[in-house]
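K.L.:
I am attaching a structure below and will ask some questions about it afterwards.
The values are calculated or read from the model by the stated rules, or taken from the named source; none is laboratory data. Keep in mind the model is a prediction, meaning the values are calculated, not measured. Methodologically, a virtual Cβ is constructed for each residue, glycine included, from the backbone with ideal geometry; neighbour enumeration extends over all protein chains shown.
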Amino acid sequence: MTRLTKRLVVPFAASLAAALLMLGTLTFAQAFEIGDDGLHKESWFSLTFNDIAEDIEAARKAGKRLVIVVEQRGCIYCKEVHENILTVPEIRDYIKDNFMVVQYNMHGDAEVTDLDGESLTEKTAVRKWRLLFTPTFLFMPEEAPDGVDAASAAVAMMPGAFKQKTFTEMFIWVRNKGYEKEESFQNYYNRRFNEGTAGDTTKID
């Protein structure tokens with residue numbers, strides 16, 4: 001390689017590397033949207049009036065199940081879910097296809113109508129439901145029951161952050177109404193793990 005060639009190639013390579021680095025930075029920055037409330041936002045999450053009975057019915061009509069996810073600003077486990085689990089196409093697509101997800105802010109003031117008819121804010125609803133950790137996923141029944149609150153009506157609850165396989169299996173288990181069967185979630189998960197199918201949305205009992 002001549003001196004002239006080197007003078008041309010080296011700056012070009014450096015410029016190309018810088019451009020790729022900038023592109024990667026922009027792509028990463030655009031991948032995760034943070035709202036004014038400090039929560040990660042997913043374009044496929046549902047925006048509703050937070051009337052839980054109505055949301056259960058809307059999900060049912062769409063052939064899905066309602067999931068309420070409670071999060072808060074600065075939650076490292078919420079960040080883990082959004083940035084390292086919901087970015088996996090197979091997991092994201094399975095949840096999108098089978099569940100209607102509505103996000104609540106643990107410290108928020110948006111109005112919520114609980115299943116028992118009580119009008120609350122997000123933060124007072126969270127206190128009423130005695131939720132302590134974020135994220136917490138409340139999996140709602142197929143039909144809205146009368147006279148009970150959302151926490152009591154939930155067919156399953158997933159507090160905190162779990163690894164990808166456990167996280168995914170909870171959604172699969174609820175979708176397949178595992179809560180109506182004798183096999184507990186723990187036994188179900190252990191069986192799937194031993195079979196080598198845990199977390200596999202293409203191999204469902």
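K.L.:
Counting only residues that are in contact with an Asp or Glu (Cβ under 8 Å, 6 or more places away or on another chain), over 15 Å from Glu54 (Cα atoms) and in contact (Cβ under 8 Å) with a residue 60 or more places away in the chain, which one in the stretch 104-132 is surrounded by the fewest Cβ atoms within 10 Å (Cβ to Cβ)?
P.N.:
Only one residue fits best here, namely Ala110.
K.L.:
Filter the stretch 56-77 down to the residues that are without any contact (Cβ under 8 Å) to a residue 60 or more places away in the chain and surrounded by 14 or more Cβ atoms within 10 Å (Cβ to Cβ), then identify the one that is nearest to Thr113 (Cα to Cα).
P.N.:
So, considering only residues that are without any contact (Cβ under 8 Å) to a residue 60 or more places away in the chain and surrounded by 14 or more Cβ atoms within 10 Å (Cβ to Cβ), the one nearest to Thr113 (Cα to Cα) is Ala58.
K.L.:
So is Leu47 modelled with pLDDT of 95 or more, under 25 Å from Trp129 (Cα atoms), assigned to a loop (DSSP other than H, G, I, E, B) and of a type in the set (A, V, I, L, M) or not? Give the steps one after another, and end with the answer.
P.N.:
Working: modelled with pLDDT of 95 or more: yes; under 25 Å from Trp129 (Cα atoms): yes; assigned to a loop (DSSP other than H, G, I, E, B): yes; of a type in the set (A, V, I, L, M): yes.
Considered against the rule, which asks whether it is modelled with pLDDT of 95 or more, under 25 Å from Trp129 (Cα atoms), assigned to a loop (DSSP other than H, G, I, E, B) and of a type in the set (A, V, I, L, M), Leu47 comes out as yes.
K.L.:
Let me ask another. Scanning the stretch 176-185 for residues that are in contact (Cβ under 8 Å) with a residue 24 or more places away in the chain and out of contact with any helix residue (DSSP H, G or I) (no Cβ under 6 Å at 6 or more places or on another chain), which turns out nearest to Arg127 (Cα to Cα)?
P.N.:
Here the answer is Tyr179.
Every residue, every condition in (1) farther than 24 Å from Asp149 by Cα; (2) assigned to a loop (DSSP other than H, G, I, E, B), yes or no:
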residue: Gly74; (1), (2): yes, yes
residue: Glu80; (1), (2): yes, no
residue: Asn84; (1), (2): yes, no
residue: Lys96; (1), (2): yes, no
residue: Val101; (1), (2): no, no
residue: Lys123; (1), (2): no, no
residue: Arg127; (1), (2): no, no
residue: Leu131; (1), (2): no, yes
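K.L.:
Moving to a separate point now. Please work out which residue is surrounded by the most Cβ atoms within 10 Å (Cβ to Cβ), limiting yourself to the stretch 133-175 and to residues that are part of a strand (DSSP E or B) and free of Cβ contacts under 8 Å to residues at least 60 places away in the same chain.
P.N.:
Result: Met158.
K.L.:
Of the numbered conditions (1) in contact (Cβ under 8 Å) with a residue 60 or more places away in the chain; (2) part of a loop (DSSP other than H, G, I, E, B), Asp205 satisfies every one except a single condition; which is it?
P.N.:
Exception for Asp205: condition (1).
K.L.:
So, one more: Filter the stretch 74-93 down to the residues that are touching a strand residue (DSSP E or B) at 6+ places or on another chain (Cβ under 8 Å) and among the charged types (D, E, K, R) and list them by number.
P.N.:
Lys79, Glu83 - these are the residues of the stretch 74-93 that are touching a strand residue (DSSP E or B) at 6+ places or on another chain (Cβ under 8 Å) and among the charged types (D, E, K, R).
K.L.:
Further question: Quick one: Lys163 ticks every box in (1) at pLDDT below 95; (2) among the basic types (Lys, Arg); (3) in contact with a strand residue (DSSP E or B) (Cβ under 7 Å, 6 or more places away or on another chain) bar one, so which box is it?
P.N.:
The failed condition is (3).
K.L.:
Of the conditions (1) loosely packed, with under 14 Cβ neighbours inside 10 Å; (2) closer than 20 Å to Ala153 by Cα, Gly35 clears all except one; give me its number.
P.N.:
All conditions are met except number (2).
K.L.:
Now for a separate question. Name the residues in the stretch 32-68 that are over 21 Å from Ile172 (Cβ atoms) and among the aromatic types (Phe, Trp, Tyr), would you?
P.N.:
Within the stretch 32-68, Phe32, Phe49 qualify.
K.L.:
What single numbered condition from (1) more than 24 Å from Glu42 (Cα to Cα); (2) modelled with pLDDT under 95 fails to hold for Asp116?
P.N.:
(2)
K.L.:
Considering only the stretch 180-205, state which residues are surrounded by 15 or more Cβ atoms within 10 Å (Cβ to Cβ) and either in contact with a strand residue (DSSP E or B) (Cβ under 7 Å, 6 or more places away or on another chain) or farther than 19 Å from Lys96 by Cβ (or both). Show your work before the answer.
P.N.:
Filtering the stretch 180-205 down to residues surrounded by 15 or more Cβ atoms within 10 Å (Cβ to Cβ) leaves 185, 188-189, 192, 197-201.
Residues satisfying the conditions are Phe185, Tyr188, Tyr189, Arg192, Thr197, Ala198.
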